[in-house]
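Chemist: One structure, as structure tokens, below. Some questions next.
The values are calculated or read from the model by the stated rules, or taken from the named source; none is laboratory data. Note that the structure is a prediction, hence the values are computed from the model and not measured. Ideal geometry is used to build each Cβ from the backbone, glycine not excepted, and the neighbour counts take in all protein chains shown.
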């Protein structure tokens, strides 16, 4: 990819195709989950699997909200070893500038799970609360904590590390009413309330220290993404309007939510007042594991060496819908700053167009797919928010083009300028599945929809915004067992 910056900015502007996308025609698309099990290797490592990333500025432009999710398809009743962040994974949220994709600021999260005390399983005199218990919630092992380190990088490339949360408490899984009531009465952390409600979950919001003046929430929440996965993965065998099925309904994810003053993210430490490159950042999230992992005879693992990235996410649907199967693992292992060199052809020549043609989409739309197969500089314009909020408002250089979620801190957020949810509603500000596939598949000429346009829970009106996790006892995906039929007479 050696095209000039001017060539990159040719094509259909974001505003023109978004106007078409808003109409949402009832047509069968080819779509996927945002980043749930999107690549072969990471599908075997769910604890490190990024699922979604949201970022937007507050209405007064004083704060940046970031929500990064991991661990896809968490069944609420998935015990007795319930889902959790891995102590062996380094989870990170990256903030870049607009002229470089090197980290300007990075927030690193590392987790610690309390060791379980070993006791004699034959000792019948010990009360509940030891290592021999069947129920993990009686062992104290769910009182997970985290350390949050802020890493800043100056113009020379020198990094400074500052711990801004030490011993932060992770919200536990929402197991069920007996767990909450019994353990809260016994004073067993982290179940400090007899009910798992919004007030209890809010006790896990932690202020950041060292003059950073931010807030963090870490723990399970309802998966906010919505799409008809069953239909989409069956070669876009989409159901009619009004019959779309949300394949993420009733599942949880593990969330890191951050509230950050914007002054801490800009190059000059000031809140920007005018839209443009200087006011624009890039946001992406990653997971990394140690280069070497040794499995011990007792079943524990020991890691050594540098951290190696195994998953990442910036914009929704990039690895899912743009990167070919042969390169999906490579995409997760590389960084946005190398996307142009490694994957430029996928952005300019989206393979999903060819696949959509193969399953008959363009015949149904009555469109010739040829104009959508190559030279897709309009996709680069959308990624770089070239025409937001006005035509030519941004001029992100090719050297800073990659899979990051761009946010102009001086402009009200609206996808692709950030990815906001609408607090107090059950929708994102933009249905990203419909919007992105309308862009990629038709350049906005014909809107495309999967006929699922809202989440299964209402978002909170305030931080951390995502709804409570589903409860294992009363809200899992199991079905009531019918009475067994009597055996036939012999």
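Chemist: Just the residues that are within 27 Å of residue 82 (Cα to Cα) and in a loop (DSSP other than H, G, I, E, B), please, taken from the range 195-232. Step through it out loud before you land on a result.
Modeler: Residues of the range 195-232 that are within 27 Å of residue 82 (Cα to Cα), as a first pass: 195-207, 215-230.
Of everything in the range 195-232, those that are within 27 Å of residue 82 (Cα to Cα) and in a loop (DSSP other than H, G, I, E, B) turn out to be 195, 196, 197, 203, 204, 205, 223, 224, 225, 226, 227, 228.
Chemist: Follow-up question, since we're still on this one. Given the conditions (1) modelled with pLDDT of 95 or more; (2) in contact with a strand residue (DSSP E or B) (Cβ under 6 Å, 6 or more places away or on another chain); (3) over 28 Å from residue 35 (Cβ atoms); (4) outside any loop (DSSP other than H, G, I, E, B), which single one is not true for residue 278?
Modeler: All conditions are met except number (2).
Chemist: Kindly provide the set of residues from the range 87-99 that are out of contact with any helix residue (DSSP H, G or I) (no Cβ under 7 Å at 6 or more places or on another chain) and surrounded by fewer than 18 Cβ atoms within 10 Å (Cβ to Cβ), ordered by number.
Modeler: So in the range 87-99, the residues out of contact with any helix residue (DSSP H, G or I) (no Cβ under 7 Å at 6 or more places or on another chain) come out as 87-88, 90-97.
Matches in the range 87-99: 87, 88.
Chemist: In the list 192, 208, which residue meets the criterion of being under 19 Å from residue 144 (Cα atoms) and touching a strand residue (DSSP E or B) at 6+ places or on another chain (Cβ under 8 Å)?
Modeler: Numbers: 192 fails: touching a strand residue (DSSP E or B) at 6+ places or on another chain (Cβ under 8 Å).
Within the list 192, 208, the selection yields 208.
Chemist: When you go through 76, 29, 40 one by one, which is the residue that is closer than 30 Å to residue 451 by Cα, touching a helix residue (DSSP H, G or I) at 6+ places or on another chain (Cβ under 8 Å) and at pLDDT 95 or above?
Modeler: Working: 29 fails: at pLDDT 95 or above; 40 fails: at pLDDT 95 or above.
Testing whether each residue is closer than 30 Å to residue 451 by Cα, touching a helix residue (DSSP H, G or I) at 6+ places or on another chain (Cβ under 8 Å) and at pLDDT 95 or above leaves just 76.
Chemist: Name the helices (runs of 4 or more DSSP H) wholly within the range 284-366 that hold at least 3 residues that are at pLDDT 95 or above and at positive phi? Walk me through how you get there before you give the answer.
Modeler: On the way: elements: 328-333, 339-348, 351-358, 361-365.
Filter on the range 284-366 gives an empty set.
Chemist: Another one. For residue 44, all conditions in the list (1) touching a residue at least 12 places away in the same chain (Cβ under 8 Å); (2) surrounded by fewer than 21 Cβ atoms within 10 Å (Cβ to Cβ); (3) within 23 Å of residue 302 (Cβ to Cβ) hold save one; what is the number of the exception?
Modeler: The single condition residue 44 does not satisfy is (1).
Chemist: Here's something else I'd like to know. Tell me, which residue of the range 157-185 that is free of Cβ contacts under 8 Å to residues at least 12 places away in the same chain and more than 30 Å from residue 99 (Cα to Cα) is surrounded by the fewest Cβ atoms within 10 Å (Cβ to Cβ)?
Modeler: 185
Chemist: I've got another one for you. Residue check: is residue 455 closer than 18 Å to residue 317 by Cβ, buried (at least 18 other Cβ atoms within 10 Å of the Cβ) and either modelled with pLDDT under 95 or touching a helix residue (DSSP H, G or I) at 6+ places or on another chain (Cβ under 9 Å) (or both)?
Modeler: Values: closer than 18 Å to residue 317 by Cβ: yes; buried (at least 18 other Cβ atoms within 10 Å of the Cβ): yes; either modelled with pLDDT under 95 or touching a helix residue (DSSP H, G or I) at 6+ places or on another chain (Cβ under 9 Å) (or both): no.
Answer is no for this residue.
Chemist: Inspect all residues belonging to the range 438-446 and state whether any of them is touching a strand residue (DSSP E or B) at 6+ places or on another chain (Cβ under 9 Å) and outside any strand (DSSP E or B). Steps first, please.
Modeler: Applying the first criterion (touching a strand residue (DSSP E or B) at 6+ places or on another chain (Cβ under 9 Å)) to the range 438-446 yields none.
No.
Chemist: Run down 122, 171 and say which single residue is part of a loop (DSSP other than H, G, I, E, B) and within 34 Å of the chain's Cα centre (by Cα). Even if it seems obvious, please write down each step before you answer.
Modeler: On the way: 122 fails: within 34 Å of the chain's Cα centre (by Cα).
171 is the lone residue from the list that is part of a loop (DSSP other than H, G, I, E, B) and within 34 Å of the chain's Cα centre (by Cα).
Chemist: So, one more: For the range 265-274, which residues satisfy the criterion of being more than 15 Å from residue 99 (Cα to Cα) and either surrounded by 21 or more Cβ atoms within 10 Å (Cβ to Cβ) or in contact with a strand residue (DSSP E or B) (Cβ under 7 Å, 6 or more places away or on another chain) (or both)? Steps first, please.
Modeler: To start, the set of residues in the range 265-274 that are more than 15 Å from residue 99 (Cα to Cα) comprises 269-274.
Matches in the range 265-274: 272 only.
Chemist: From 114, 121, 128, grab the single residue that is touching a helix residue (DSSP H, G or I) at 6+ places or on another chain (Cβ under 7 Å) and surrounded by fewer than 17 Cβ atoms within 10 Å (Cβ to Cβ). Before the answer, list the steps.
Modeler: Details: 114 fails: touching a helix residue (DSSP H, G or I) at 6+ places or on another chain (Cβ under 7 Å); 121 fails: touching a helix residue (DSSP H, G or I) at 6+ places or on another chain (Cβ under 7 Å).
Going through 114, 121, 128 in turn, just one is touching a helix residue (DSSP H, G or I) at 6+ places or on another chain (Cβ under 7 Å) and surrounded by fewer than 17 Cβ atoms within 10 Å (Cβ to Cβ): 128.
Chemist: Scan the range 189-203 and report the pairs whose first residue is in contact (Cβ under 8 Å) with a residue 24 or more places away in the chain and whose second residue is assigned to a helix (DSSP H, G or I), with Cβ atoms within less than 8 Å and a gap of 6+ or a chain change.
Modeler: If the second residue must be assigned to a helix (DSSP H, G or I), the pairs left are 191/137; 191/179; 191/180; 191/183; 191/184; 196/180.
Chemist: Here is a further query. Scanning for something out of contact with any strand residue (DSSP E or B) (no Cβ under 9 Å at 6 or more places or on another chain), touching a residue at least 40 places away in the same chain (Cβ under 8 Å) and closer than 28 Å to residue 348 by Cα, does the range 400-411 turn up at least one residue?
Modeler: yes
Residue by residue, here is whether (1) farther than 16 Å from residue 92 by Cβ; (2) free of Cβ contacts under 8 Å to residues at least 24 places away in the same chain; (3) touching a helix residue (DSSP H, G or I) at 6+ places or on another chain (Cβ under 9 Å) holds:
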site	(1), (2), (3)
216	no, no, no
237	yes, no, yes
260	no, no, no
271	yes, no, yes
282	no, no, yes
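Chemist: Okay, next question. Can you tell me which of 451, 455 is closer than 24 Å to residue 238 by Cβ, outside any helix (DSSP H, G or I) and touching a strand residue (DSSP E or B) at 6+ places or on another chain (Cβ under 8 Å)?
Modeler: Details: 451 fails: touching a strand residue (DSSP E or B) at 6+ places or on another chain (Cβ under 8 Å).
The match here is 455.
Chemist: For the condition at pLDDT below 95 and either touching a strand residue (DSSP E or B) at 6+ places or on another chain (Cβ under 7 Å) or surrounded by fewer than 20 Cβ atoms within 10 Å (Cβ to Cβ) (or both), what is the one hit in 102, 154? Even if it seems obvious, please write down each step before you answer.
Modeler: Values: 102 fails: at pLDDT below 95.
Going through 102, 154 in turn, just one is at pLDDT below 95 and either touching a strand residue (DSSP E or B) at 6+ places or on another chain (Cβ under 7 Å) or surrounded by fewer than 20 Cβ atoms within 10 Å (Cβ to Cβ) (or both): 154.
Chemist: Scan 64, 53 and give me the residue that is outside any loop (DSSP other than H, G, I, E, B), closer than 24 Å to residue 428 by Cβ, touching a helix residue (DSSP H, G or I) at 6+ places or on another chain (Cβ under 7 Å) and modelled with pLDDT of 95 or more.
Modeler: Numbers: 53 fails: touching a helix residue (DSSP H, G or I) at 6+ places or on another chain (Cβ under 7 Å).
The unique qualifying residue is 64.
Chemist: Okay, next question. Is there a residue being in a strand (DSSP E or B), surrounded by fewer than 18 Cβ atoms within 10 Å (Cβ to Cβ) and modelled with pLDDT of 95 or more anywhere in the range 239-252? Break it down into steps so the answer makes sense when it comes.
Modeler: Going through the range 239-252, the residues in a strand (DSSP E or B) turn out to be 252.
Imposing the further condition that a residue be surrounded by fewer than 18 Cβ atoms within 10 Å (Cβ to Cβ) reduces the set to none.
Among the residues of the range 239-252, not one is in a strand (DSSP E or B), surrounded by fewer than 18 Cβ atoms within 10 Å (Cβ to Cβ) and modelled with pLDDT of 95 or more, which makes the answer no.
Chemist: Now for a separate question. Quick one: in the range 138-151, of everything that is at pLDDT 95 or above and outside any loop (DSSP other than H, G, I, E, B), which residue is surrounded by the most Cβ atoms within 10 Å (Cβ to Cβ)?
Modeler: Applying the filter and picking the extreme gives 148.
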